[in-house]
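Everything below concerns the one structure shown next.
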Amino acid sequence: TCLGNMFVPTASDKMEDNNKQDTVTLARQIREQQGLWEVEVSYGGETDLNRQFNICTKNPGHLKFIPVDQLSVNDLPPSYHDSDLVEWIRAMSDRTVRISVTYVSEDRPETYPESVKPYPCYKNRGNRRMVRVGTGCVSMVVKYPEDICKHLTTCDCEICLECSIPKAQFAHIYINTATHVVFDKSEAENTTCHLFFDKGAVPETCSGAVELSGMSCEYSDIMIDRCLMKCVTYDLDLATKLEGMVNNWMRLSSQLKNKYEKISGWILLKSAIWHKMFILMSYLDLANRIEKMVSNWLFLSSHFKDRYFHGKRSLWSLLKFKPMLWERLVIIVSHPHGSSKKVSIGYYVDENSEKSFSYTTSTCPGSSGAPVLVIRKSGAAWNFNRTHSAGDRELNYSYIHGLMTKI
């Protein structure tokens, strides 16, 4: 406000000045407005993202997040100490990308459909100062080498459309994330993806990190919180590398699933025996005597004991019918607070009638859009089609229609 030649700041001017002075506080306020959705926001670039990582209140110290380059079998639950599983997680990490969005679409709804719950960043529509950070993964690579496609197709990116001679040698890289991270075409056009950001404080200091821009939105579904983006690249070496990583992960997934299915029959037999014995001992006042007798028989096979129970689990604890072999692991590779890739490992909790899926695996703002991997030593429990969406201090959620009943 002007009074003569003197400028008198209004309340909104003062608030904006304060926000400029403390961008971390402003980002925290934005996160609080969006509820439990776990997209990170920053008004101070990489510097603020690092600060937000260091002062995180959800997971102070991030003790349950493992830097991907330090992952080992010892980070897995004892019954899952398997080098093949570690290799499979690392293969998933190869496909994981950090997503940064510098624009908020004007078309974001005020509330989630069929709900009164606020939709993330509605109040920030049109904002170009704020950067939103999430996670995604490379789902597919389609190459168009010149010797094959020069007579069939040419690149349809904006640069080539304006060029008299569009390029005929290119590739499309497809990346999955969550819709609340990248909502539509306008946001995709203002999105940058960082590949291979495996260590270091910022992508620029990570040797081998690659930046992709010029994304387009191929598919976005707010109800299931899934978005598919496409990026054009003329670097066929990069496209070949990513294609190999996707194929490697699919190959390892098939091998690991087959490996665990082979032992699932044996597990079913043993669990049935344990269950019957538990019922028997519920009616007989001979629990201690039977436990000693059967445990001597059950653990005669040192291979079985060492491989699955490490010789430390009592028979009675097994008879409670929750042996570690039946626990479903949930593994997430993400970029918490926009940091380098981290692996977190937890357990499946529940999938309710509304199809919201919950787990104990640690996540933070910035984990939204990360693939959620569910495995068990039985093929029936495997699931790779989920993306992380939200979380609180107790549980985290992969969103399918119905999660809004929990937020």
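Quick notes
- Anisotropy class of the stretch 52-149 from Cα gyration tensor, a/c 1.5 cut: oblate
- Packing, as the average of other Cβ atoms within 10 Å across residues, places the peptides 30-37, 134-141 in the order 134-141, 30-37, highest first.
- Around Met250: net Lys/Arg minus Asp/Glu count, Cβ-Cβ under 13 Å: +1
- Ser83-Thr205 pseudo-label distance in nm [points 7 Å out on the Cα-to-Cβ vector]: 3.3
- A Förster distance of 51 Å, applied to the separation of the beta-carbon atoms of Asp22 and Leu236, puts the FRET efficiency at 0.65.
- Our coupling estimate for the stretch 205-216, obtained by passing each phi through the Karplus curve with A = 6.51, B = -1.76, C = 1.60 and θ = phi - 60°, is 9, 8, 5, x, 5, 10, 9, 10, 9, x, 7, 10 Hz, Gly and Pro reported as x.
- Probe 1.4 Å, accessible area per residue of the stretch 17-84, Å²: 50
- R0 of 41 Å, Cβ-Cβ distance Lys259-Asn54: FRET efficiency to nearest 0.05: 0.55
- Cα-projected label distance for Lys117 with Asn247, points at 7 Å along beta-carbon direction, nm: 4.1
- Distance between the pseudo-spin-label points of Phe384 and Glu218 (7 Å out from Cα toward the beta carbon): 1.6 nm.
- Peptides 242-254, 88-100, 51-63, ordered by how many other C-beta atoms sit within 10 Å of their residues on average, highest first, read 88-100, 242-254, 51-63.
- Among 106-117, 68-79, 39-50, the peptide with the highest mean count of other Cβ atoms within 10 Å heads the list, and the full ranking is 39-50, 68-79, 106-117.
- Of Lys123/Lys185; Lys58/Lys230; Lys230/Lys257; Lys64/Lys117, those spanning more than 26 Å from alpha-carbon to alpha-carbon: Lys58/Lys230; Lys230/Lys257; Lys64/Lys117
The values are calculated or read from the model by the stated rules, or taken from the named source; none is laboratory data. These numbers were taken from a predicted model, which means no experiment stands behind them. Glycine also receives a Cβ, built like all others from the backbone with ideal geometry; neighbour counts cover every protein chain displayed. The area values use the complete protein model at the heavy-atom level, side chains included, leaving out ligands, DNA and RNA. Shrake-Rupley method; radii C 1.70, N 1.55, O 1.52, S 1.80 Å.
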